[in-house]
Amino acid sequence: MSTPHNNAEKGDFAKTVLMPGDPLRAKFIAEHFLENPKLVSSVRNILAYTGTYEGKPVSVMASGMGMPSIGIYSYELYKFYEVENIIRIGSAGAYTADLNLFDVVLATGSYSESTFALCQSGDPDDTQYPSEKLNDTIRAAAAKLGIPLHEGTIHSGDVFYAEPGAVDENKIIREKHCLCAEMESFALFHNAKVLGKNAACLLTISDSLVTHAETTAEERQNSFTQMMKVALETAVQLDQE
Ligand SMILES: O=P(O)(O)O[C@H]1O[C@H](CO)[C@@H](O)[C@H]1O
Ligand SMILES: O=c1cc[nH]c(=O)[nH]1
C-alpha cells in the first residue's frame with residue numbers, strides 16, 4: 001500500500017506520530033531518541049521513521065512547510081495509516097516579549113486567516129482546536145519532566161514573508177491574543193476534527209517578532225530537545241492508556 005506522497009506499508013506507523021516541519025528534525029529525533037528507528041517513507045525527502053521510545057512504538061514524520069503540505073501528510077496518516085494522534089513539534093516566532101528563545105508553547109487554539117478549513121470541508125471557523133485529552137497528556141508529560149509550558153492561542157499563517165503593514169496585528173495580537181506565529185496547526189487541527197482523530201501542537205520559540213532575536217537553522221533542526229522530550233514522553237503515556 002502507498003499513496004502519492006507516502007510509500008510506507010499499512011502498519012508501518014505507530015498510533016502516535018510526532019510531526020516537525022523539517023525533515024532533518026525528524027531524522028535528528030529518530031537518530032538521537034528512537035530505539036531501532038526504521039525509515040518507513042522518504043517520498044519527496046519527507047522523511048518518516050518508526051521505532052520505540054522507552055519500549056513503546058512511536059513514529060516521527062516531517063510535514064513540510066505550510067498548510068497545504070501538512071494537510072496532505074496528516075490526512076493520509078489519519079485516513080490510510082490508522083494513525084490516531086499527531087503532535088506537531090514546530091518552531092514559532094514570538095508576538096510577545098514574555099516569550100524567550102527556546103521557550104516551549106502548547107497551543108490551546110489556532111487562529112488563522114487561511115481558507116484551508118473552508119476549502120477542505122466548508123468549515124467557516126477562523127479558529128481550530130487541539131484535542132483537549134491530548135493536551136492533558138502533554139501537560140502531564142511536561143510536568144513529569146519538569147519542563148514548563150506556555151499555553152495560549154497561536155497564529156497559523158499562510159505567509160512567512162509579509163509586506164510591511166499587511167499583517168493585521170490588531171486582530172492577531174490584541175483581539176485573538178495570539179502568543180506566536182507558525183504555519184501548520186490550523187490545518188492539522190481541522191483535519192483531526194473532520195476525521196475524528198486527535199491533534200496537538202507544541203512549539204519552540206525560534207525567533208522573536210518583538211526583539212528580533214533568532215536561532216540558527218541548525219538550532220531549529222537539532223536543539224529543540226525539550227519539546228521533543230515532552231512529545232516523546234506523551235507518546236509513551238498515550239500507549240499506556
Ligand atoms: O520549524 P517548522 O516545524 O517547519 O515550523 C515553522 O517553521 C517554518 C517557517 O520557517 C514553518 O513551517 C513554520 O510553521
Ligand atoms: O512561521 C513562523 C515560524 C517561525 N518564526 C516565524 O516568525 N514564523
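The values are calculated or read from the model by the stated rules, or taken from the named source; none is laboratory data. Quick caveat, the model's predicted, so the values are computed rather than measured. Heads up, the Cβs are rebuilt from the backbone with ideal geometry, glycines too, and the neighbour counts pull from every protein chain shown. Areas reflect the complete protein model, heavy atoms only, side chains present, ligands, DNA and RNA absent. Shrake-Rupley method; radii C 1.70, N 1.55, O 1.52, S 1.80 Å.
Brief remarks follow.
- Residues that are within 16 Å of ligand 2 (Cβ to nearest atom) and either within 23 Å of Thr225 (Cα to Cα) or in contact with a strand residue (DSSP E or B) (Cβ under 6 Å, 6 or more places away or on another chain) (or both) do occur in segment 157-172.
- Boolean, Ala97 is out of contact with any helix residue (DSSP H, G or I) (no Cβ under 8 Å at 6 or more places or on another chain), open to solvent by less than 40 Å² (accessible area, probe 1.4 Å) and within 23 Å of Ile154 (Cβ to Cβ): no
- Residues in segment 21-64 that are assigned to a loop (DSSP other than H, G, I, E, B), in contact with a Gly (Cβ under 7 Å, 6 or more places away or on another chain) and not aliphatic (A, V, I, L, M): Gly21, Ser63, Gly64.
- Taking the numbered list (1) under 28 Å from Thr115 (Cβ atoms); (2) away from ligand 1 (no atom under 13 Å from the Cβ) in turn, Ser63 passes all entries but (2).
- Output for segment 25-49, where each listed residue is open to solvent by less than 60 Å² (accessible area, probe 1.4 Å), over 14 Å from Arg88 (Cα atoms) and under 17 Å from the mean Cα position of the chain (by Cα): Phe28, Ala30, Ile46, Leu47, Tyr49
A quick yes/no check of all residues on (1) closer than 27 Å to Cys119 by Cβ; (2) of a type in the set (Ser, Thr, Tyr):
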residue: Pro4; (1), (2): yes, no
residue: Gly21; (1), (2): yes, no
residue: Glu31; (1), (2): no, no
residue: Glu54; (1), (2): no, no
residue: Pro57; (1), (2): no, no
residue: Ile70; (1), (2): yes, no
residue: Ser74; (1), (2): yes, yes
residue: Tyr78; (1), (2): yes, yes
